[in-house]
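Undergrad: If you scroll down you'll find the structure; I have some questions about it.
None of the figures in this text is laboratory data; all of them are computed from the coordinates on show. In this text, all values refer to a predicted model and were calculated from it rather than measured experimentally. Glycine also receives a Cβ, built like all others from the backbone with ideal geometry; neighbour counts cover every protein chain displayed.
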Amino acid sequence: MNKFARIIGTGSYLPPTIVTNDDLSKTIDTTNEWITTRTGIKQRHKVTDETTCDLAEKAANHALEMAGINAKDLDLIILATTTPDKVFPATATMLQTAIGASCPAFDLQSVCAGFIFALTTAQQYIKTGAANKILVVGSETLSRIVNWKDRSTAVLFGDGAGAVVLSGSSDTGILHSKLFSDGNYLSSLQVSNNYINEVGFIKMSGNEVFKIAVNRLSSLAKETLKEANLSSDKLDWMVPHQANIRIISAVAKRIKIPMNKVIVTLENHGNTSAASIPLALDTAVRDGRIKKGDNLLFEGIGAGFSWGSVLVQF
Ligand code: UT7
């Protein structure tokens, strides 16, 4: 039986339409300076007619190509998304058909921690021998649930997708992972809708979320490294959820990881929820920063709250 789930391919996709901070300052009361200094975000990508499945398909095909495997060889597809294309069927089943796979496929909803939850779920399938080749995708069209008149959220979010292909391995891969949820924070970050002719929008108490994110993610990262017996100087890269550069740098400082070992891509795409970690990962794999054998720490928190980490030897 394979002990590890190893990442053998990564892929990502951003829709071509870009909305810059200056574009937003023409329609809402904000400035490029405020957005850049408070968040680190410079632009976000936005779909015009593409769906969550379309973005997922492109990211998945890139990851399959890097992995050198055919979609027909997949044993399972897990799609992490907060913005499924329909209430049902699962967007993952549409993705299965789009890429030409025939394995079981399901959606997983854990908002910005979705990719971490999906990766951890996939790891369990591999560890138990229930599956050997798994596609894990994070794909979001958050622009559909952003209130473009609310400056406190409109500047933060973007659309995109990232994917990984996992394969069973006897020697290396996912070393450790931790998941948490605490449903006491519903009002801090949510989309309220009742499914009856009503589209809900993201509502967030940003400052409250910010403080909780820094505290929870710092303790989580410390615990993950400790339980895996890995000192922070043995970590090659932290690949965090891309929500706010100030959250990322505060966590890095608390766990004593220098910023030149942190992958930051949010300036290019903003907060893409479940897609943000695989998007950052794929960027750094393809530009050569992340290399085979590197120790990587993924971590993220989102609404619920739900939060988690995955430590990987790449
Ligand atoms: O991925 C899921 C998890 N989500 C997150 O991690 C997001 C966490 N939160 C954050 O990233 C930050 O809290 C924000 C970027 C959302 C806000 O930054 P902040 O430093 O916490 O600002 P704030 O909410 O305390 O607002 C400061 C001021 C307020 O004005 P007053 O009351 O001081 O006069 C806001 O009205 O900034 C104002 N403000 C803006 N000004 C210009 C809020 N949004 C904007 C804006 N442009 N877009």
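Undergrad: For a quick check: sort 157, 4 by the number of other beta carbons within 10 angstrom, fewest at the front. Please report the intermediate quantities before stating the final value.
TA: Numbers: 157 22, 4 19.
Ordered from fewest to most neighbouring Cβ atoms within 10 Å, 157, 4 come out as 4, 157.
Undergrad: Semi-axes, largest first, in whole Å: what does sqrt of 5 times each Cα gyration tensor eigenvalue give for the stretch 4-169?
TA: Values: eigenvalues 209, 45, 37 Å².
Sorted largest first and rounded, they come to 32, 15, 14 Å.
Undergrad: Still on this structure: Which is farthest toward the positive dipole end of the chain among 52, 232, 111, measuring Cα position about the Cα centre, with Cβ charges +1 (Lys, Arg) and -1 (Asp, Glu)?
TA: Checking the options against the dipole of the chain, the answer is 232.
Undergrad: Taking a quarter of the surface of the Cα convex hull of the stretch 29-85, what do you get in nm²?
TA: That works out to 6.4 nm², a quarter of the Cα hull's surface.
Undergrad: Pairs of Cα atoms under 8 Å, at least six residues apart: use those to get the relative contact order of the chain, whole percent. Don't skip to the end; give the middle numbers.
TA: Details: 790 pairs, mean separation 82.3, N = 314.
The value is 26 percent.
Undergrad: Whole angstrom only: what separates the Cα centroid of the stretch 249-267 from the Cα centroid of the stretch 148-177?
TA: Between the Cα centres of the stretch 249-267 and the stretch 148-177 lies a distance of 16 Å.
Undergrad: Sticking with this one: So what's the back-of-envelope 222 nm ellipticity for the chain, counting only DSSP H runs of four-plus at -39500 (n - 2.57) apiece and dividing by all residues, rounded to 500?
TA: Working: 10 runs with 104 residues, N = 314.
Computed ellipticity for the chain at 222 nm equals -10000 deg cm²/dmol.
Undergrad: Beyond 28 Å, what share of the Cα-Cα pairs of the chain is found? Please give it as a whole percent.
TA: Numbers: 16339 of 49141 pairs.
Taking all Cα-Cα pairs of the chain, the fraction more than 28 Å apart is 33 percent.
Undergrad: In square nanometres, what is the average projected area of the Cα convex hull of the stretch 214-314? Spell out each step's value before the answer.
TA: Values: hull surface 23.3 nm².
Projected over every direction and averaged, the Cα hull of the stretch 214-314 covers 5.8 nm².
Undergrad: Further, regarding this structure: Any of 3/256; 253/291; 58/178; 46/72; 133/261; 222/261 with alpha carbons more than 21 Å apart? Name them for me. Display every interim value, and only then the final one.
TA: Values: 3/256 30 Å; 253/291 24 Å; 58/178 29 Å; 46/72 31 Å; 133/261 29 Å; 222/261 16 Å.
Cα-Cα > 21 Å for 3/256; 253/291; 58/178; 46/72; 133/261; rest within.
Undergrad: If you take every DSSP beta bridge whose two residues both sit in the chain, what share of them, in percent to the nearest 5, is antiparallel? Write out the running numbers ahead of the final one.
TA: Values: 39 of 54 bridges.
DSSP beta bridges in the chain are roughly 70 percent antiparallel.
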